[in-house]
Amino acid sequence: MADRRDLTQGSVRVQLIRLASPLSIGIVALFSVTIVDAYFLGQLGTRPLAAISYAFPVAFAVTSLAIGLAAGTGSVLSRAIGKGDRSRIVSLTTHSLVLALIIGILVAAVGISLIRPLFALIGAEGGVLDDITVYMRVWFYGLPLLVLAQVAGSILRANGDALVPSALMIASAAVNIALDPILIFGGFGIAGMGIEGAAWAAFASRVVMPAVIIPVLLFRDRLINLWRTSWTEVFDSWREIARIGIAAALGNAVNPVAVAIVTGIVAVYGDQIVAGFGVAGRLEGFAVIPMLALSGSIGPVAGQNWGAERYDRIREAIRFAFMVCLGWSVVVAIGFWFGADWLASRFSDSAVVSEEARRYLWIVPITFAGYGVTIVAAGAFNTLGRPVLGLAIYLVRSLIFYVPFAFAATALFDTTGVYAGIAIANVLAGFAILWLTFRWLDRMIERQRSAA
């Protein structure tokens, strides 16, 4: 492994920034797709916008499976890299890619059969449910490619390479954005397909990452070898990845499931309110990208240093990431206080939709640090081989604070009260998770030193 990929040496802060910066740009590119989708579909009317507002948390929850597998792979791989075990690194890389493809195909098949009953349960009906069905069917077709890309990107980041996966994320987003208006509205001899066109644009973009990353892993890094393995070794790798990945996937799914529940709560106010809440959610997803990048970057740093027994560097990395989350929340809140009016009005001609999005963006963003602390802490524990603690972190935020506070506020107030409840939940969850993180980490390090 090249020296520049060794995360056990040099400044921890520099290493985190080096990994997080290109990842932030890549995530910005991918999240910009959701913004562009919302913008173009908003031109078709409120119904398609409401449809993707319903679809977004469910799609993200399913994507959490891919994120979980990627987390499991990154966890075992980064610790093997920290120990310098080359043979194990090659085996884990190969076996994780095969597992990703198998899981992606199986989940896609199940997902397609459950689209209508699942979204009807959430509260979608009539024409909105029809639009969701059309969109999500194509979305599931591309799921195996998405899972493969997530896992392959995690392998490169575990090896300290954030540039290649980030560049490919940008390329994927460019393909999606370029195809969106053509497939949605029509052009170049292609008939407009509406919301289905947005789904096919996303499918085409998903081909990009695996088409490039797999050859990189195979020829540049020589980390794929399908021949020198046995089924016993394959199942051992899958078991180790699954031990981390299942809990990590559940943890990553908790937040979008919680958002889906709150979307169902908000649905009692009507489709226009759901559309406004969905617009705000997409802008929120865009705003927290640096925090997402930190949560993705903390893993390789924590994993390699755990394998090398550099525990002081793990503490420093987590502390620095938490401080960045706090500072970024302030920056984002100021931006939304001044820009919410303009941003909200870009997505819909409906005054109700725009007003609802504005209301959320004026109240919640100052508390985004609570969410940032959650995802950074969970990412660290997943990589350190303690995915149950990562899952517990998500459950604390979503099931103890986020959903109950939003539900209680709905019973007493209008949607302004719901958003205030979400903000209070973020603050309380942030403080609780901050305390739990360092308490649990210190205990883990104590046990590890005692066992040595």
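The values are calculated or read from the model by the stated rules, or taken from the named source; none is laboratory data. Just so we're clear, the structure is a prediction, and the values are computed from it rather than from any experiment. No Cβ is skipped: glycine too gets one built from the backbone with ideal geometry, and neighbour counts run over all protein chains shown. Keep in mind that these areas ignore ligands, DNA and RNA; they rest on the heavy atoms of the full protein, side chains included. Shrake-Rupley method; radii C 1.70, N 1.55, O 1.52, S 1.80 Å.
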Within segment 379-400, how many residues turn out to be open to solvent by 30 Å² or more (accessible area, probe 1.4 Å) and either aromatic (Phe, Trp, Tyr) or over 19 Å from ALA369 (Cα atoms) (or both)?
-> 3
Which members of segment 301-329 meet the condition of being open to solvent by less than 10 Å² (accessible area, probe 1.4 Å) and either within 21 Å of ASP161 (Cα to Cα) or acidic (Asp, Glu) (or both)?
-> VAL301, ALA302, GLY303, GLN304, ASN305, ILE314, ALA317, ILE318, ALA321
Condition test on ILE89, is it surrounded by 20 or more Cβ atoms within 10 Å (Cβ to Cβ), touching a helix residue (DSSP H, G or I) at 6+ places or on another chain (Cβ under 6 Å) and more than 25 Å from TRP231 (Cβ to Cβ)?
-> no
With the condition kept exactly as written, say whether any residue in segment 183-193 is crowded, with 22+ Cβ neighbours inside 10 Å and farther than 21 Å from LEU101 by Cα.
-> yes
Filtered residues of segment 213-252 (kept if open to solvent by 20 Å² or more (accessible area, probe 1.4 Å), in a helix (DSSP H, G or I) and either in contact (Cβ under 8 Å) with a residue 24 or more places away in the chain or aliphatic (A, V, I, L, M) (or both)) = ILE214, VAL216, LEU218, GLU233, TRP238, GLU240, ALA242, ARG243, ILE246, LEU250, ASN252
What do you reckon, is LEU121 part of a helix (DSSP H, G or I), at pLDDT 80 or above, more than 20 Å from PHE203 (Cβ to Cβ) and aliphatic (A, V, I, L, M)?
-> yes
Give segment 403-416 a look and list any residue that's closer than 26 Å to LEU434 by Cα, open to solvent by less than 10 Å² (accessible area, probe 1.4 Å) and not aliphatic (A, V, I, L, M), or say none.
-> none
Would you mind finding the one in LEU384, LEU326, LEU292, LEU361 that is out of contact with any Ser or Thr (no Cβ under 9 Å at 6 or more places or on another chain) and touching a residue at least 60 places away in the same chain (Cβ under 8 Å)?
-> LEU361
Hits in segment 129-140 (condition: open to solvent by less than 10 Å² (accessible area, probe 1.4 Å) and touching an Asp or Glu at 6+ places or on another chain (Cβ under 9 Å)) | VAL138
Pairs under 8 Å by beta carbon, first residue touching a residue at least 40 places away in the same chain (Cβ under 8 Å) in segment 330-358, partner of a type in the set (Lys, Arg), six or more apart or different chains?
-> ALA344/ARG358
Take PHE235 and decide whether it is out of contact with any Ser or Thr (no Cβ under 9 Å at 6 or more places or on another chain) and of a type in the set (Phe, Trp, Tyr).
-> yes
Given the residues VAL128, VAL134, VAL110, which is the only one that is over 21 Å from THR46 (Cα atoms) and not small (Gly, Ala, Ser)?
-> VAL110
Could you please give the count of residues in segment 194-212 that are closer than 21 Å to LEU44 by Cα, in a helix (DSSP H, G or I) and either among the hydroxyl-bearing types (Ser, Thr, Tyr) or open to solvent by less than 20 Å² (accessible area, probe 1.4 Å) (or both)?
-> 6
With respect to LEU145, determine if the residue is part of a helix (DSSP H, G or I) and either touching a residue at least 60 places away in the same chain (Cβ under 8 Å) or buried (at least 24 other Cβ atoms within 10 Å of the Cβ) (or both).
-> yes
Search segment 1-52 for residues being closer than 25 Å to GLU125 by Cα and part of a loop (DSSP other than H, G, I, E, B), and hand back the single one that is most open to solvent (accessible area, probe 1.4 Å).
-> GLN43
